[in-house]
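As structure tokens, the structure follows; a few thoughts come after it.
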Amino acid sequence: MDDEPLSQWAERRDERIGQLRAVPLVTGGGPRASHLNPDAPRAIQRWNGHLWEPHGFAANLAEARRILFPHTEAASTPETTPKLGPGTGRHRKPPTSS
């Protein structure tokens, strides 16, 4: 068998200690994917090496992302797309003759 040594498994497990995740609070067996319920409140959980423990609360997906990824620049300015000039590129529409 190709079992990994216990020491490697423990190192891999310990790398995740402190990791946060957001779990949507939905009733019943409803969908738990974040993109399906962006306005649902989220429970923020922290991995302690053995189980996910409560860490915080977020009102919606946007707030949960700010908690989970504080160093990403959410308010970055969108880059302007370059304007295509005249040409006969492969995917350009042929000029219409009127």
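Key figures for this structure:
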{"quantity": "Modelled FRET efficiency - R0 30 Å, PHE57 with ARG16, Cβ distances, 0.05 increments", "calculated": "0.90"}
{"quantity": "Cα→Cβ-extended label distance, 7 Å offset, between VAL23 and ARG66, nm", "calculated": "2.4 nm"}
{"quantity": "In sequence order, calculated HN-Hα J values of region 33-42 (Karplus, 6.51, -1.76, 1.60; Hz; x Gly/Pro)", "calculated": "5, 5, 6, 7, 10, x, 8, 6, x, 10"}
{"quantity": "Other-chain or far-sequence residues with amide H under 5 Å of ALA40's (modelled H)", "calculated": "LEU61"}
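None of the figures in this text is laboratory data; all of them are computed from the coordinates on show. Note that this is a predicted model, so its numbers are computed, not measured. FYI the Cβ positions are ideal-geometry reconstructions off the backbone, even for glycines, and counts take in every protein chain you see.
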